[in-house]
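Shown next, in structure tokens, is the structure this report addresses.
The values are calculated or read from the model by the stated rules, or taken from the named source; none is laboratory data. Computed from a predicted model, the values in this text were never measured in an experiment. All Cβ positions, glycine included, derive from the backbone under ideal geometry; neighbour counts span all protein chains shown. When the accessible area is computed, the model is the full protein with side chains, heavy atoms only, and any ligands, DNA or RNA have been set aside. Shrake-Rupley method; radii C 1.70, N 1.55, O 1.52, S 1.80 Å.
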Amino acid sequence: MRLQITVDDALGHELQAKAHELGLSVSSYVRYMLKQSTSKLNLMDLAMEDLKEGRVEKISLGDFKKQLGEAE
């Protein structure tokens, strides 16, 4: 599929600057951003996000195994 879009000068300059920072062409950067905005996060992505944001419970391996036994 081919898409063609038009953006104003300010957005165009912003896209060029961001793409340049990442070493990408503008079209590659826009494809990347579209993919990011339309992708659903999978379980691993959600877990990594929780880890980065400090939303995790620290637990020992022994306690984790006990919890698994209780769940069965």
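Projecting the Cα atoms of L41, G69, S28 onto the charge dipole of the chain (Cβ charges, centred on the Cα centre) puts S28 farthest toward the positive pole.
When Kirkwood radius over Cα pairs in Å is calculated for this entry, the matching label among (1) 16.2; (2) 15.2; (3) 15.8 is (1).
Helix 9-22 and the longest principal axis of the C-alpha atoms of the chain enclose an angle of approximately 50°.
Lys-Lys pairs in the chain that are eight or more residues apart or on separate chains and whose Cα atoms lie under 27 Å of each other come to 9. Per residue, the chain exposes 97 Å² of accessible surface when a 1.4 Å probe is rolled over the protein heavy atoms with every protein chain present.
Solvent-accessible area assigned to carbon and sulfur over the chain amounts to 56 percent, based on a 1.4 Å probe.
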